[in-house]
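Asks: I have a structure here, written as structure tokens, and I will follow up with some questions on it.
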Amino acid sequence: MGSSKRRAADNSRGGSSTDHLHTLHQRLKHALSLGTTRVSDDKERKWKCTDLEIQKHVVRSLAAFLDSSSGHASTYRLLKDSLADIVEALVWILHCKSEAIVGMAVNVVVKLVSSNSSMMQLYLTDLINPLSSLLCSNNLEVATSCATALNMVLSNLSVKREKQVWEIVKEAKTLIQIIRIIREFPGGTQPIENFQEMVSLLYTILWRWPPSRYFVWKDTILIKVLEDSRIKSHLSTKVAVLKLYSALALCNKVAKELLGNGETILTMMVSCMDVSEPLAVRIEGFRLAQHLVADEQRCIKMTSLCSGPLIKAIIGGMRVWRLGSGKGVNDLVSLLDEACRLALITRWPGEHHNHFWEQGIDKVLLDLLLENFDKQASEHPLTPQARISIAQQGLDTNFLIALRPYIWEIFGWLAVHCRKDFRPSADRNELYIDMLITCACLSFVEAICKGCQISENDDTSRSESSSRAVLVMMHSSSTYIASKVRLILSGVLEIKGNECLKRLLYLLDYGSSANNFGSANIPKTVVELVCLICYSGLPEYQKNVTRGDGIRTLVTSIRRCLSNEVCTSRRSFALHFYHNVFYERTCCWMTAEEWEGKDALLFYSLWGLAELVQHSSDIDHSHIKSNLIKTVQEVLDNVSAPGPRWLAANILSYFGVYGFPNKHDKGFGRALEDKEHTDLQLLFANGESVSVHKIILSVRCPSLLPPEQFPQSAETTDNFLVKDVPSKCCPMLQKEVRLSARVDQQALLKLLDYVYFGYVEAGEDLARKLKTLAKSCNMQPLFLMLCRKIPKWGTPIPSSDFTDALGPLGFQFADIILEAEETEKMPWACSFCSLLVPHMHAHKFILQSRCKYLQALFLSGMQERR
């Protein structure tokens with residue numbers, strides 16, 4: 001009975017509250033009607049009222065309605081009916097700039113936008129101009145509130161309206177006004193709140209509109225004010241200024257100039273990341289560092305200047321959970337997230353890797369993975385089975401589970417870029433690395449067991465990152481890590497390894513069928529492919545892996561990728577690595593293609609095929625051999641990313657083709673048979689010879705040139721006997737090189753095929769001789785292919801670029817000067833001659849090989865003036 005009475009009372013209060021809201025809405029509508037006038041022959045109504053009391057009545061009525069409407073179900077309907085009139089009235093009142101009312105009106109705008117952002121989308125643009133005009137108000141309270149309101153309007157703007165709004169912002173000269181106000185802050189009377197709001201508003205503009213960034217950066221007075229304010233002011237100002245620097249660094253041009261200033265910006269950044277700073281400052285320091293170090297070249301620049309302090313700061317940020325008792329959990333997790341994001345600079349090689357190991361990155365990563373490992377390790381004798389048990393228990397607790405993709409990504413990249421002779425520095429470090437590998441292997445098994453159950457992006461990201469970490473560790477340059485992961489993975493799979501493999505092969509076959517093949521299933525298929533490649537690296541499972549239709553399945557998958565049926569980049573499901581608004585907001589930045597390319601399924605299908613081909617003994621008798629070779633050749637013809645091209649070349653090496661054959665680029669193959677333009681003879685011990693071009697050898701195989709002409713090759717010429725044979729027509733140039741009897745003639749001719757064509761075909765016996773010669777000539781890419789080794793992650797494709805031939809390297813072999821017809825006088829200085837007109841020293845042979853027009857020109861004997 002009592003509860004019924006309470007419900008009745010609650011309903012009565014709810015009804016009374018709703019009635020009150022309706023009353024306030026009616027009062028607001030009445031107030032708005034007082035300022036509405038008819039225009040255009042009574043067909044349209046506009047809000048225009050100069051009466052100050054009516055303006056006050058409208059603003060107060062709207063404020064009262066908004067204050068009472070929070071949480072009411074009927075708010076949306078009531079507000080929607082009057083929203084157009086409300087915005088129109090506010091725009092008019094703001095334009096009037098009456099000191100008695102404008103402050104109240106601005107505050108009401110803040111309430112209206114903050115509580116109804118989605119409903120306000122159609123009207124936000126109307127508020128920008130009047131708010132911008134009030135930024136310079138002599139009333140500092142009004143100016144500050146105005147900056148807050150404008151910031152809220154711009155922050156809530158939908159992306160599709162950005163272009164339109166940027167034109168409004170430019171027309172209103174909003175950016176210029178904000179800069180002027182900030183520049184006047186030192187020595188002025190403005191309160192710090194006004195400065196902070198202006199800086200925050202400027203940040204929002206910089207974040208949303210790239211054209212504003214370089215304009216702001218070049219204002220040296222403004223930048224000086226910001227730097228002084230960061231040093232002298234309190235916490236909130238320091239945070240605001242750091243955010244502003246981060247927004248500026250979204251522009252690649254600005255970021256490069258910031259790094260070009262060197263230690264000033266980096267010292268400031270690293271100091272803001274220090275453990276002595278408040279969490280809010282540290283978070284913004286980490287974000288600024290991420291923006292500055294967004295590509296490999298900028299990473300090299302930054303780490304060359306402050307690698308040690310930077311890595312120390314990152315490790316300090318990743319240790320915050322252990323040291324942060326009593327602090328806000330959300331802030332700690334935010335700091336951890338930013339520190340882990342910055343630690344992804346491990347994906348690029350460099351000296352910073354040594355600093356990570358020196359700072360104990362292995363222990364830090366393990367602490368983020370297993371909550372109480374140190375305590376458990378001291379209580380248990382850590383046999384291999386004990387380690388597996390502790391690792392499984394720790395993983396099952398889901399401790400900091402959102403960070404696991406970062407942990408696997410960081411550890412994987414550390415393994416990728418390890419030196420071959422890397423070993424843990426102490427027994428304790430060896431334990432930490434072994435436990436990290438054990439956890440990765442257990443997560444690998446879990447990824448297989450989940451299989452089709454992987455549905456959420458978070459699950460996919462965790463499964464992909466852990467299995468990928470196992471894969472790259474198995475192919476690590478470090479003998480220690482590669483052998484350890486194989487040993488531990490074999491132990492983890494000992495009980496149900498064959499069962500997991502059977503399930504994995506079924507899932508791959510199921511996922512590749514025509515009915516199930518599609519973009520929605522690609523992330524799961526990628527995880528399964530990565531797991532299959534890992535299984536291929538374990539001898540005890542290789543026979544089962546190659547059994548069945550695995551090769552046919554992967555060839556079909558590759559063909560589908562090449563025909564653009566699907567194309568799913570890792571960016572779309574490895575959210576921990578790529579899901580960062582930063583990548584969507586950068587400007588002036590040409591992003592280099594990732595080594596693995598834009599299609600994750602293509603990359604891992606090729607890797608899986610390379611593994612299967614390596615371990616398959618009967619492929620020569622298979623009817624799919626020709627289809628396989630044709631498919632792989634299509635990859636080389638149509639894919640530009642280095643990773644897929646290297647894998648395709650690795651596959652072809654098992655069929656006697658070494659290199660990168662490409663139907664679009666035949667290299668200089670025909671020139672090898674053209675004796676007319678050759679300028680060097682290589683003489684074999686049996687008296688036979690082959691004619692070549694010095695400029696080709698100087699770029700692609702300098703070891704075959706005499707060290708007197710090409711000093712860079714001196715260290716590898718001990719395999720050759722060089723004999724000078726002066727030329728009658730040109731006694732200063734070497735015309736013949738006599739080769740050592742140790743040089744196999746067939747092998748050298750095949751080497752020249754590779755130099756001129758970009759690839760070579762050879763049987764097993766000849767390939768062995770060619771491998772010896774390639775190693776002697778320091779032709780590492782060819783040597784790798786002849787060894788049938790999958791290259792280290794990040795290895796570039798051998799360049800076919802002949803730009804170096806236009807510099808000092810090729811000048812001594814130049815045989816033509818190209819002069820530009822002068823249209824106007826311009827200063828010109830040549831490094832090689834005294835000619836004062838614009839010109840280039842080039843090579844007729846290269847020009848006519850690469851340009852049909854010039855070929856026809858030279859052959860016809862014509863002269864071209866232009």
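Asks: Output the qualifying pairs, or none if there are none: Cβ atoms under 6 angstrom, residues six or more apart or on different chains, first residue in region 85-96 and in a helix (DSSP H, G or I), second residue of a type in the set (Phe, Trp, Tyr) and open to solvent by 10 Å² or more (accessible area, probe 1.4 Å).
Replies: From residues that are in a helix (DSSP H, G or I), the pairs are Val87/Tyr123.
Asks: Further, regarding this structure: Given the conditions (1) among the aromatic types (Phe, Trp, Tyr); (2) at pLDDT below 80; (3) open to solvent by less than 40 Å² (accessible area, probe 1.4 Å), which single one is not true for Phe444?
Replies: Failed condition: (2).
Asks: Of the residues in region 449-476, how many are over 23 Å from the mean Cα position of the chain (by Cα) and either at pLDDT below 85 or open to solvent by 10 Å² or more (accessible area, probe 1.4 Å) (or both)?
Replies: Final tally of qualifying residues: 7.
Asks: Identify, please: which residue in region 825-860 is part of a loop (DSSP other than H, G, I, E, B) and farther than 19 Å from Gly807 by Cα and is, among those, most open to solvent (accessible area, probe 1.4 Å)?
Replies: Restricting to residues being part of a loop (DSSP other than H, G, I, E, B) and farther than 19 Å from Gly807 by Cα, the top hit is Lys825.
Asks: I'd like to check something: does region 160-178 contain any residue that is crowded, with 16+ Cβ neighbours inside 10 Å, touching a strand residue (DSSP E or B) at 6+ places or on another chain (Cβ under 9 Å) and either in contact (Cβ under 8 Å) with a residue 24 or more places away in the chain or among the hydroxyl-bearing types (Ser, Thr, Tyr) (or both)?
Replies: The answer is no, given that none of the residues of region 160-178 is crowded, with 16+ Cβ neighbours inside 10 Å, touching a strand residue (DSSP E or B) at 6+ places or on another chain (Cβ under 9 Å) and either in contact (Cβ under 8 Å) with a residue 24 or more places away in the chain or among the hydroxyl-bearing types (Ser, Thr, Tyr) (or both).
Asks: Of everything in region 795-811 that's of a type in the set (A, V, I, L, M) and within 30 Å of Gly597 (Cα to Cα), which residue is least open to solvent (accessible area, probe 1.4 Å)?
Replies: Checked region 795-811; the qualifying residue least open to solvent (accessible area, probe 1.4 Å) is Ala805.
Asks: If you go through region 665-683 one residue at a time, how many are touching a strand residue (DSSP E or B) at 6+ places or on another chain (Cβ under 8 Å) and hydrophobic (A, V, I, L, M, F, W, C)?
Replies: Count: 4.
Asks: Still on this model: Tell me, which residue of region 405-438 that is charged (D, E, K, R) and open to solvent by 20 Å² or more (accessible area, probe 1.4 Å) is modelled with the lowest pLDDT?
Replies: Asp427
Asks: Restricting to region 224-235, and then to whatever is part of a helix (DSSP H, G or I) and surrounded by fewer than 16 Cβ atoms within 10 Å (Cβ to Cβ), can you tell me which residue is farthest from the chain's Cα centre (by Cα)?
Replies: Residue satisfying both the conditions and the ranking: Lys232.
Asks: Hey, Leu202 hits all of (1) part of a helix (DSSP H, G or I); (2) touching a residue at least 24 places away in the same chain (Cβ under 8 Å); (3) open to solvent by 10 Å² or more (accessible area, probe 1.4 Å) but one; which does it fall short on?
Replies: (3)
Asks: Considering only residues that are in a loop (DSSP other than H, G, I, E, B) and modelled with pLDDT under 85, which ones fall in region 576-596?
Replies: His579, Asn580, Trp589, Met590, Thr591, Ala592, Glu593 - these are the residues of region 576-596 that are in a loop (DSSP other than H, G, I, E, B) and modelled with pLDDT under 85.
Asks: Take the conditions in contact with a Leu (Cβ under 6 Å, 6 or more places away or on another chain) and either open to solvent by less than 90 Å² (accessible area, probe 1.4 Å) or without any contact (Cβ under 8 Å) to a residue 24 or more places away in the chain (or both) and apply them to Ala814. Does it pass?
Replies: It is false that Ala814 is in contact with a Leu (Cβ under 6 Å, 6 or more places away or on another chain) and either open to solvent by less than 90 Å² (accessible area, probe 1.4 Å) or without any contact (Cβ under 8 Å) to a residue 24 or more places away in the chain (or both).
So that you can scan it fast, the table gives a plain yes or no per residue for (1) free of Cβ contacts under 8 Å to residues at least 24 places away in the same chain; (2) within 32 Å of the chain's Cα centre (by Cα):
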| site | (1), (2) |
| --- | --- |
| Arg347 | no, yes |
| His353 | no, yes |
| Gln359 | no, yes |
| Val364 | no, yes |
| Asn372 | yes, no |
| Ser378 | yes, no |
| Thr383 | yes, no |
| Ile388 | no, no |
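Asks: Here's another thing I want to ask about it. For residues that are open to solvent by 10 Å² or more (accessible area, probe 1.4 Å), part of a helix (DSSP H, G or I) and over 20 Å from Phe783 (Cα atoms), tally how many sit in region 634-670.
Replies: Matching residues across region 634-670 total 4.
Asks: For region 287-297, enumerate the residues that are open to solvent by less than 50 Å² (accessible area, probe 1.4 Å) and either over 15 Å from Glu227 (Cα atoms) or of a type in the set (Ser, Thr, Tyr) (or both).
Replies: Across region 287-297, the qualifying residues are Ala289, Gln290, His291, Leu292, Val293, Ala294, Asp295.
Asks: If you don't mind, another one. Of all residues in region 797-847, which are more than 30 Å from Val755 (Cα to Cα) and either in contact with a Pro (Cβ under 6 Å, 6 or more places away or on another chain) or among the β-branched types (Val, Ile, Thr) (or both)?
Replies: Ala820, Thr823, Trp828, Val837
Asks: Are any residues in region 104-117 at pLDDT below 90, small (Gly, Ala, Ser) and open to solvent by less than 60 Å² (accessible area, probe 1.4 Å), and if so, which ones?
Replies: Hit for region 104-117 is Ser117, nothing else.
Asks: Every residue in region 213-223 that is open to solvent by less than 10 Å² (accessible area, probe 1.4 Å) and at pLDDT below 95, please.
Replies: Scanning region 213-223 gives a single hit, Leu222.
Asks: Going by the conditions given, is Leu135 assigned to a loop (DSSP other than H, G, I, E, B), open to solvent by less than 20 Å² (accessible area, probe 1.4 Å) and out of contact with any Pro (no Cβ under 7 Å at 6 or more places or on another chain)?
Replies: For Leu135, the condition - assigned to a loop (DSSP other than H, G, I, E, B), open to solvent by less than 20 Å² (accessible area, probe 1.4 Å) and out of contact with any Pro (no Cβ under 7 Å at 6 or more places or on another chain) - is met.
Asks: Same structure again: Quick check on region 269-286: of everything there that is within 16 Å of Arg319 (Cα to Cα) and without any contact (Cβ under 8 Å) to a residue 24 or more places away in the chain, which residue is surrounded by the fewest Cβ atoms within 10 Å (Cβ to Cβ)?
Replies: Ser276
Asks: Further question on the same structure: Using the structure shown, decide if Thr264 is assigned to a helix (DSSP H, G or I), among the hydroxyl-bearing types (Ser, Thr, Tyr) and surrounded by fewer than 16 Cβ atoms within 10 Å (Cβ to Cβ).
Replies: The answer is yes for Thr264.
Asks: To continue, here is another question. Tell me which of these Ala147 doesn't satisfy, since it passes every other one: (1) closer than 30 Å to Lys80 by Cβ; (2) open to solvent by 10 Å² or more (accessible area, probe 1.4 Å); (3) in a helix (DSSP H, G or I).
Replies: Here Ala147 clears every test but (2).
Asks: Only helices (runs of 4 or more DSSP H) wholly contained in region 267-337 count here; list those with 1 or more residues that are closer than 19 Å to Leu250 by Cβ.
Replies: Qualifying helices (runs of 4 or more DSSP H): 279-292, 296-318.
Asks: Now for a different question. Looking at (1) modelled with pLDDT of 85 or more; (2) touching an Asp or Glu at 6+ places or on another chain (Cβ under 8 Å), which is the one condition that is false for Gln746?
Replies: So the condition that Gln746 fails would be (2).
Asks: How many residues, within region 484-535, are at pLDDT below 85 and not in a helix (DSSP H, G or I)?
Replies: Residues meeting the conditions: 9.
Asks: Do any helices (runs of 4 or more DSSP H) lying entirely in region 342-390 carry at least 1 residues that are among the acidic types (Asp, Glu) and either within 13 Å of Leu431 (Cβ to Cβ) or open to solvent by less than 10 Å² (accessible area, probe 1.4 Å) (or both), and which ones are they?
Replies: The qualifying helices (runs of 4 or more DSSP H) are 361-369, 373-379.
The values are calculated or read from the model by the stated rules, or taken from the named source; none is laboratory data. As the structure is a prediction and not an experimental result, all values here were calculated from the model. Backbone-built Cβ (ideal geometry, glycine too); neighbour counts: all protein chains shown. Heads up: the accessible areas ignore ligands, DNA and RNA and are worked out on the full protein's heavy atoms, side chains in. Shrake-Rupley method; radii C 1.70, N 1.55, O 1.52, S 1.80 Å.
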